[in-house]
1. Given region 243-309, what strands (runs of 3 or more DSSP E) lie entirely inside it while holding 1 or more residues that are away from the ligand (no atom under 16 Å from the Cβ) and free of Cβ contacts under 8 Å to residues at least 60 places away in the same chain?
2. Looking only at region 25-49, count every residue that is away from the ligand (no atom under 13 Å from the Cβ), farther than 19 Å from residue 376 by Cα and not in a helix (DSSP H, G or I) and tell me the total.
3. Report yes if some residue within region 317-325 is more than 12 Å from the ligand (Cβ to nearest atom) and free of Cβ contacts under 8 Å to residues at least 24 places away in the same chain; otherwise report no.
4. Considering region 94-107 alone, what residues qualify as being over 23 Å from the mean Cα position of the chain (by Cα) and either touching a residue at least 60 places away in the same chain (Cβ under 8 Å) or not assigned by TED's automatic domain parsing to the domain that holds residue 301 (or both)?
5. Could you tell me whether residue 130 is within 13 Å of the ligand (Cβ to nearest atom), within 30 Å of residue 152 (Cβ to Cβ) and not assigned by TED's automatic domain parsing to the domain that holds residue 253?
6. Every residue in region 203-261 that is at positive phi and surrounded by fewer than 15 Cβ atoms within 10 Å (Cβ to Cβ), please.
7. Do we have any residue at all in region 333-346 that's out of contact with any helix residue (DSSP H, G or I) (no Cβ under 7 Å at 6 or more places or on another chain), within 16 Å of the ligand (Cβ to nearest atom), touching a residue at least 24 places away in the same chain (Cβ under 8 Å) and in a helix (DSSP H, G or I)?
8. Quick one: which of 91, 39, 79 is surrounded by fewer than 17 Cβ atoms within 10 Å (Cβ to Cβ), more than 22 Å from residue 389 (Cβ to Cβ) and in contact (Cβ under 8 Å) with a residue 24 or more places away in the chain?
Ligand SMILES: Cc1cc2nc3c(=O)[nH]c(=O)nc-3n(C[C@H](O)[C@H](O)[C@H](O)COP(=O)(O)OP(=O)(O)OC[C@H]3O[C@@H](n4cnc5c(N)ncnc54)[C@H](O)[C@@H]3O)c2cc1C
């Protein structure tokens, strides 16, 4: 029996581990294969930090101990009727893999900027692009825009990038007169439009405290070397532009019959199966799953991890004729990093502020540096944590 997982992010890794747990507990013969082009699980939530190239853990230290095969390739097509995927490896070699159950966990990507000069715009969407930004910051050219950065999008990622950039640019200052300038541009008429009113006053105070200039109701119109033009016609000298606006689910979602939401995510049932093709389950940023009545999951690590665990469990259980588990993630909470101004931790879908400043920052650091990392090398521990009933890893657990 073949269970194929597409994607080596949080959702894919936890799908494979949860399926391996079912296999072990039932003593069944189940071939579990994870297909992803890279060698690593990329810790995407940390890519706004300095030195992003280290934000990864080797997939083989998770998959090998639990007996999951890793095929290093990119899926280029799905044949849903035939139960086949087509994939290409780095050398251009092609292969076809069959499946009886498929977990689609190919994640999401940032929508391209689409303005003149887009090739000069940075992002922190992938480990490669975040590393390019880091390298750019280390080698800023002399000139009036050297320490000026424009961040486009004041959503979750844009806020984290902008607040962190203040410190990252300051590290390259040559003296008190050479101060960083960060400009945050947002098309909506308020910061954090999707975060709601709950944390907004904390966020606005943090932006003020860090001296971040906010330009609402506009975007950038073009980027030339050292110069950024805004849609209101204004221009400023800036050597760094970071685009954070707009995520889209993997294009592979379009190859699965079914309904998709505006982010391109597949609507799934309570067992994370695509109703029109129940042998396919979606997890992570490809899934529009119901988190709680009236609330869909967010494209977030917080949801990708439990989505992966439930999808892997259910794909294996379905193959083995065992009962499936209805998706039930932990209560929603979110923590936005605000750089040197701390962080803001909220709970519930109204995002009621629970803590701010250093207290929330400690929680963010624990989450980013400990809780979201999977255990390595230890099959028993990996499968223990892969249980869909187990939340994120407890703080302080060994990485
Ligand atoms: C800068 C930044 C900050 C963030 N901060 C937070 C945060 O604070 N809290 C939070 O909860 N979330 C945060 N997120 C969101 C979170 O990182 C994502 O929601 C999460 O990574 C989604 O996990 P995933 O496994 O679904 O997809 P991904 O992490 O996107 O992984 C997808 C995997 O699929 C592979 N893949 C893609 N296409 C193919 C293909 N065709 N064939 C084979 N493999 C393929 C990729 O190589 C990768 O291994 C942040 C994201 C970013 C970029």
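1. Values: elements: 247-249, 277-282, 290-292.
It comes to 277-282, 290-292.
2. Of region 25-49, the ones away from the ligand (no atom under 13 Å from the Cβ) are 25-32.
Next, from what is left, pick out any that are farther than 19 Å from residue 376 by Cα: 25-31.
Remaining after also requiring not in a helix (DSSP H, G or I): 27-31.
The qualifying residues number 5.
3. Start the filter on region 317-325 by keeping residues that are more than 12 Å from the ligand (Cβ to nearest atom), which leaves 317-325.
Filter once more, so that each one left must be free of Cβ contacts under 8 Å to residues at least 24 places away in the same chain: 321, 323.
Yes, region 317-325 contains at least one residue that is more than 12 Å from the ligand (Cβ to nearest atom) and free of Cβ contacts under 8 Å to residues at least 24 places away in the same chain.
4. Applying the first criterion (over 23 Å from the mean Cα position of the chain (by Cα)) to region 94-107 yields 94-101.
Once the filter is applied, which keeps residues that are over 23 Å from the mean Cα position of the chain (by Cα) and either touching a residue at least 60 places away in the same chain (Cβ under 8 Å) or not assigned by TED's automatic domain parsing to the domain that holds residue 301 (or both), region 94-107 yields 97, 98, 99, 100, 101.
5. Yes: the conditions hold for residue 130.
6. Here is the first cut: in region 203-261, the ones at positive phi are 211, 217, 226, 233, 246, 258.
Within region 203-261, 211, 217, 233 meet the criteria.
7. no
8. Details: 91 fails: in contact (Cβ under 8 Å) with a residue 24 or more places away in the chain; 79 fails: in contact (Cβ under 8 Å) with a residue 24 or more places away in the chain.
Only one candidate qualifies: 39.
The values are calculated or read from the model by the stated rules, or taken from the named source; none is laboratory data. All figures in this text were calculated on a predicted structure; none of them were measured in a lab. Every residue, glycine as well, gets a Cβ built from its backbone with ideal geometry; the counts of neighbours run over all protein chains shown.
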